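One structure is given here, and the rest of the page talks about it.
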Amino acid sequence: MATTQLSLQILRPLPAAGQTCGRQSYSFQSRNSAIRTRRNMKWVLRLSLVDQNQPQSQSTGVDVKQLVDFLYDDLPHLFDDQGIDRTAYDELVKFRDPITKHDSISGYLFNIALLKNLFRPQFFLHWVKQTGTYEITTRWTMVMKFMLFPWKPELVFTGTSIMGINPQTGKFNSHADFWDSIENNNYFSLEGLWNVVKQLRIYKTPDLETPKYQILKRTANYEVRKYSPFIVVETNGDKLSGSSGFNDVTGYIFGKNSTMEKIPMTTPVFTQANDAGLSKVSIQVVLPLEKDLSSLPNPNQETVSIRKKEKALRSCLVKDGLKPKMGCLLARYNDPGRTWRFIMRNEVLIWLEEFSLE
């Protein structure tokens, strides 16, 4: 097991309000975001590369609100075929992130092209807002796969970008990225480089359907995720790391149900604990997304119930202001009999009361 992902200290989900119908219990839970525990949360220092004290009289009448709207439209094209509009930037634009530095629009666009070819990035823009007289801040998530390695490791970065505006031209003359996952965001950051290297490790996620989620924030210690609704079949278990009850839920998808329907296997297998002692445990197997709750066959065994997971979690963990619910989920993605231990993907997830990227 990946020990940095399986720290069970802390965080616990509240029981959901349920509605009982016959022998099956349908619980509708508010579950949007989960966190994976890591170590030693660190905060980002935000430094702007633009001088906010330039006299207003020098300005050509910069419409910052228009630039905010422009970034909402333009930045989603950062890595697609359209690309960003280079005419919105000065020829001499300072770009900085913890491991990259360029001082011209050509270098800035070269860096984007390099990332596009090596990593196939996906860029998600969360918000854009004015944070200074000549400054705009954006919040984003970037997910990348390193295509040169056979296992194509996934790298995730979340953070903010501070965009400086040249009051003489009304164009952007600086762009500084700050990652949530490190403390030293200055160029060149050895902490930033090590953060990249750690994400290149080998682990195996089976090529099976899995619940869809978006990573909202990735810190040094955990990820905050927003999950789309998904359905599980569940039964009681003996302990968080045990396997009691597993045959019951897998039996359901392998045809031990009222219509003998065989349902495709998915990943991960969840083990959920809802009490402070982590002793009241249920084993859950995710069902395929095309399945509708009303059309699922009834279980043959009374110990198995079907629970629809809705949105949940939005808050901020103890040191960061996060408010975890009671209990936790152990997510096991691999068949332990067929997967080497050192490449297994195992996670502990904690549901949050609420979460905001503001």
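Laboratory data are not the source of any read-out in this text; all were calculated from the coordinates shown. Predicted, not measured: the structure shown is a model, and the values here were computed from it. Glycine gets a Cβ as well: all are built from the backbone with ideal geometry, and neighbour counts include every protein chain shown.
What pairs from K226/K325; K217/K325; K145/K323; K256/K280 go past 21 Å between their alpha carbons?
Details: K226/K325 15 Å; K217/K325 18 Å; K145/K323 31 Å; K256/K280 25 Å.
With Cα atoms farther than 21 Å apart: K145/K323; K256/K280.
Show me the GluC sites (Glu not before Pro) within the range 130-192 that DSSP assigns to loop and that have at most 10 other Cβ atoms within 10 Å of their Cβ. The partial results should precede the final answer.
Details: sites: E135, E154, E183, E191; in loops: E183.
Nothing satisfies the criteria.
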